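The values are calculated or read from the model by the stated rules, or taken from the named source; none is laboratory data. Since this is a predicted model, take the numbers as computed values, not measurements. Here the Cβ positions follow ideal geometry from the backbone for every residue, glycine too, while neighbour counts run over all protein chains shown.
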C-alpha cells in the first residue's frame with residue numbers, strides 16, 4: 001500500500017512538471033486571425049537595435065529587436081524599418097511572464113531584394129514553430145494563433161535580403177503565461193488535483209496507521 005501511495009504522489013508531481021501539448025498555427029494570408037489590438041510606435045524612441053511599441057487598448061509595451069539600428073517613422077502608417085532604409089531580420093515580444101494568443105503583421109516587400117522569409121514563433125515552454133514563405137514585391141501578411149492553452153512569447157523572422165519595412169502589427173489575447181520568469185512552471189488545475197489527491201491518500205494512510213498503533217497499544 002505504501003508503495004502504491006508513493007507511486008501516485010510521484011506520478012502527480014511528474015505530471016505537474018510536464019507542459020501541455022503545444023500548438024501554434026501559422027498563416028500566410030490576411031484575415032486568418034483578427035487580433036484585437038494595434039501596436040503603435042508611440043512609446044520611447046528607438047535606441048540602437050531596439051524599438052518600442054504600445055498596444056492601443058491595454059497599453060502593453062512591445063519590444064522590437066533587430067540586427068541593425070531601427071527606425072519608426074512618425075509620418076503615415078505605423079511601421080518599423082532599418083535606419084539605413086532596409087530590414088532583414090526582426091523579433092518582438094512582451095515583458096517576462098507575458099504572452100499573447102494571436103498575432104498578425106505585414107512584411108512590406110516593395111523594392112525588396114528578399115525573396116523568402118523564415119518565421120519563428122516560440123511558446124512559453126520554449127517550443128519553436130517555424131516555417132519558410134516566399135516574399136512578393138508588395139504586401140505579405142503573416143499571422144499565427146496559439147491553441148491548447150499556449151501563449152506566443154516571441155515572434156521573429158529572418159529574410160534572405162532586405163524589405164522596405166514591416167507594418168500593421170496586431171496582437172490579441174494578452175495574458176499571463178503561467179510561467180515564472182525565474183523558470184518555474186505553474187502547474188495546471190488538473191495537475192494540482194492529482195497532486196492533492198496523492199497527498200490526501202498519503203495523509204489517510206498515515207492516520208490509519210496511527211489508529212492501528214493506538215489500538216494495538
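Some points to look at:
- Some residue of segment 5-18 being on the phi < 0 side of the Ramachandran plot, part of a loop (DSSP other than H, G, I, E, B) and modelled with pLDDT under 95: yes
- Verdict on residue 78 being modelled with pLDDT under 95 and either within 28 Å of residue 45 (Cβ to Cβ) or assigned by TED's automatic domain parsing to the domain that holds residue 49 (or both): yes
- Hits in segment 50-67 - residues which are part of a loop (DSSP other than H, G, I, E, B) and surrounded by 15 or more Cβ atoms within 10 Å (Cβ to Cβ): 56, 60
- Checked against the criterion of being surrounded by fewer than 16 Cβ atoms within 10 Å (Cβ to Cβ), part of a strand (DSSP E or B), without any contact (Cβ under 8 Å) to a residue 24 or more places away in the chain and touching a strand residue (DSSP E or B) at 6+ places or on another chain (Cβ under 6 Å), the candidates 132, 118 yield just one match: 132.
- Leading residue by the ranking (modelled with the highest pLDDT) among those in segment 38-49 that are assigned to a strand (DSSP E or B) and surrounded by fewer than 19 Cβ atoms within 10 Å (Cβ to Cβ): 38
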